[in-house]
Amino acid sequence: KVEFYSSVDSMQDLAQVEQELLNATRSYLETQQQQLNFYRRYVDQIKREHEWAVGQLKLDEYLGHPLHAFRLIKRLVQDWDALIFEPILTNQPREDFRQFSDVLTRDLGYPDQSELQGAIKGLARLQRVYNLSTSDLAGGVINGFSYDSELQWPMANFELGNTKRAGRLLNQILKPEPTHTAQQTRKYLENHEPGKKIQEKNPSWYGNYTRLCQGKRLPEESSGSPLKCYLDGKRHAYFTLAPLQVEPVHLDPDISVYHGMLNSQQILSIFEEADKEEMVRSAVAGEGGKRTVRDLRVSQQTWLDYTTPIMESVSRIIQFVSGFDMAGAEHMQVANYGVGGQYEPHPDYFEVNLPSQFEGDRISTSMFYLSDVEQGGYTVFTKLNVFLPPVKGALVMWHNLHRSLDVDVRTLHAGCPVIVGSKRIGNIWMHSGYQEFRRPCNLTSDSYKSAAYRKSV
Ligand SMILES: O=C(O)CCC(=O)C(=O)O
Ligand SMILES: [Fe+2]
């Protein structure tokens, strides 16, 4: 089954669904109108003839005339039947419309109640993570920017189990303006069961998560050497003429952003490849390594191998920037988030239930930002006080494992909910097999660095 709300790209199909609905409904109404006009004309004409005849003579005299009798019988047997009964009873335009709706639902898919739930949860998530006020959202104002769309907050609250609040909000809208379209919402509330209230306690990481998502860092003690951007033309001969534009964002564990790694043309080529594949709702590893769809990750994704020209270039970039052997690389995962789409704090390593098709755990993550995001959608490292706004064409890279190949718990990170825009990323995870000479271990284990972070958020 297709799912729309979890990816802005899929939502575009919904816009098409509505366009086709509009066209079909318009032409349905038009044909019906023409039919009705036709019936009306016919009835008027018969009425005139009937009244004239009855007015002229007494009825029995009139019908005593064989031609008049014939006309009446012919009208009833043929004309009324063919022109009125038959078309009214079969109502071909309605039949056509029914068929159209079947085809539409089958070919393009049609959103159901669970889509509405998903979209509403997305809105509620935005409100919670970004501290947006309900009135702001309802008025289409997000973080001070004004957007021209009125949100159905009463309905959202209803679906989320806040029935009282839903009623109050509805009254606020309907009191000054009783003919407001929110009347529809009132009908909906009256005819549906309210959603189940989710009384989740915020998890321990929640404070850091929301703070960083909002682009706020905790003040840090100065280490004396502030991180500075630099050009690196030496990492590989490939970068001699066009040095890497490095923005280090954290030291130990090292996290760096490499700007301008893909241009718009290359990104388009990646999307062209991705369009050939099917986007599916992202799953996460659950109990015992089983993949399940959960709200903690709301996006759609597909995988690209390195056989096409564009992906060969991507592979070269990763190889030359990271120094790793691409023999250990997973295919690139291209993902697209929906509005309110997110990926809650998680590590990229497996630690347990390692997938058998690769050697070792995920030693590093290379993430390309394939779009700018109008608002929201930061990548945040909740234990490291780091937030990164997506910048189209940039590459973020870090190691998920210590040199000892023990997992580095400090790398816990998240993709914040997208407020406005379509966030696209390309992830390449490198496994530790084949990298023995690329990133050798130290003489002493360095995994102790993680110890203090195991519990803390
Ligand atoms: O979307 C992001 O910024 C982070 C994505 C991520 O962490 C992942 O896909 O593993
Ligand atoms: Fe991740």
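The values are calculated or read from the model by the stated rules, or taken from the named source; none is laboratory data. Fair warning: this is a prediction, and the values are worked out from it, not measured in the lab. All Cβ positions, glycine included, derive from the backbone under ideal geometry; neighbour counts span all protein chains shown.
Check whether at least one residue in the stretch 244-263 is of a type in the set (Val, Ile, Thr) and away from ligand 1 (no atom under 16 Å from the Cβ), and report yes or no.
Taking the stretch 244-263 and keeping what is of a type in the set (Val, Ile, Thr), we get 246, 249, 255, 257.
Okay, now just the ones that are also away from ligand 1 (no atom under 16 Å from the Cβ), so 246.
Yes, there is a match, as at least one residue in the stretch 244-263 is of a type in the set (Val, Ile, Thr) and away from ligand 1 (no atom under 16 Å from the Cβ).
Exactly one of (1) part of a helix (DSSP H, G or I); (2) assigned by TED's automatic domain parsing to the domain that holds residue 416 is unmet by residue 246. Its number?
(1)
Would you check which residues across the stretch 388-418 are among the aliphatic types (A, V, I, L, M) and within 14 Å of ligand 1 (Cβ to nearest atom) and list them?
Just the residues of the stretch 388-418 that are among the aliphatic types (A, V, I, L, M), to begin with: 388, 391, 394-397, 401, 405, 407, 409, 412, 414, 418.
Within the stretch 388-418, 388, 391, 394, 395, 396, 397, 412, 414, 418 meet the criteria.
Just name the residue that is surrounded by the fewest Cβ atoms within 10 Å (Cβ to Cβ) out of those in the stretch 431-457 that are within 30 Å of residue 206 (Cβ to Cβ) and in contact (Cβ under 8 Å) with a residue 40 or more places away in the chain. Please lay out each step first, then the result.
Residues of the stretch 431-457 within 30 Å of residue 206 (Cβ to Cβ): 446-457.
Filter once more, so that each one left must be in contact (Cβ under 8 Å) with a residue 40 or more places away in the chain: 446-447, 449-450, 453-454, 456-457.
Working: 446: 14, 447: 16, 449: 15, 450: 19, 453: 15, 454: 9, 456: 12, 457: 14.
Among residues in the stretch 431-457 that are within 30 Å of residue 206 (Cβ to Cβ) and in contact (Cβ under 8 Å) with a residue 40 or more places away in the chain, the one surrounded by the fewest Cβ atoms within 10 Å (Cβ to Cβ) is 454.
It is to be established whether one or more residues within the stretch 263-273 are modelled with pLDDT of 95 or more, touching a Leu at 6+ places or on another chain (Cβ under 6 Å), in the same structural domain as residue 336 (by TED's automatic domain parsing) and not aromatic (Phe, Trp, Tyr). Step through it out loud before you land on a result.
Here is the first cut: in the stretch 263-273, the residues modelled with pLDDT of 95 or more are 263-273.
Those left that are additionally touching a Leu at 6+ places or on another chain (Cβ under 6 Å): 267, 273.
Filter once more, so that each one left must be in the same structural domain as residue 336 (by TED's automatic domain parsing): 267, 273.
Filter once more, keeping what is not aromatic (Phe, Trp, Tyr): 267, 273.
Yes, the stretch 263-273 has at least one match.
Taking the stretch 326-347 on its own, how many of its residues are surrounded by 20 or more Cβ atoms within 10 Å (Cβ to Cβ) and over 30 Å from residue 116 (Cβ atoms)?
Adding up the residues that qualify gives 3.
Which residues, counting only those in the stretch 211-238, are of a type outside the set (Gly, Ala, Ser), without any contact (Cβ under 8 Å) to a residue 60 or more places away in the chain and not in a loop (DSSP other than H, G, I, E, B)?
Across the stretch 211-238, the qualifying residues are 211, 230, 231, 232.
If you go through the stretch 1-60, how many residues are in contact (Cβ under 8 Å) with a residue 12 or more places away in the chain, part of a helix (DSSP H, G or I) and within 35 Å of the chain's Cα centre (by Cα)?
Residues in the stretch 1-60 being in contact (Cβ under 8 Å) with a residue 12 or more places away in the chain, part of a helix (DSSP H, G or I) and within 35 Å of the chain's Cα centre (by Cα): 13 in total.
Can you find a residue in the stretch 54-67 that is loosely packed, with under 11 Cβ neighbours inside 10 Å and of a type in the set (Ser, Thr, Tyr)?
No, the stretch 54-67 has no match at all.
Let's see how each residue does on (1) in the same structural domain as residue 359 (by TED's automatic domain parsing); (2) away from ligand 2 (no atom under 13 Å from the Cβ); (3) touching an Asp or Glu at 6+ places or on another chain (Cβ under 6 Å):
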position	(1), (2), (3)
398	yes, no, no
410	yes, yes, no
413	yes, no, no
420	yes, yes, yes
423	yes, yes, no
429	yes, no, yes
434	yes, yes, yes
443	yes, yes, no
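When the residues of the stretch 189-207 are narrowed to those that are within 23 Å of residue 382 (Cα to Cα) and out of contact with any strand residue (DSSP E or B) (no Cβ under 8 Å at 6 or more places or on another chain), which ends up modelled with the lowest pLDDT?
Narrowing the stretch 189-207 to residues within 23 Å of residue 382 (Cα to Cα): 200-207.
Narrowing further to those that are out of contact with any strand residue (DSSP E or B) (no Cβ under 8 Å at 6 or more places or on another chain): 200-204, 206-207.
On the way: 200: 67, 201: 79, 202: 84, 203: 87, 204: 88, 206: 93, 207: 93.
Selected residue: 200.
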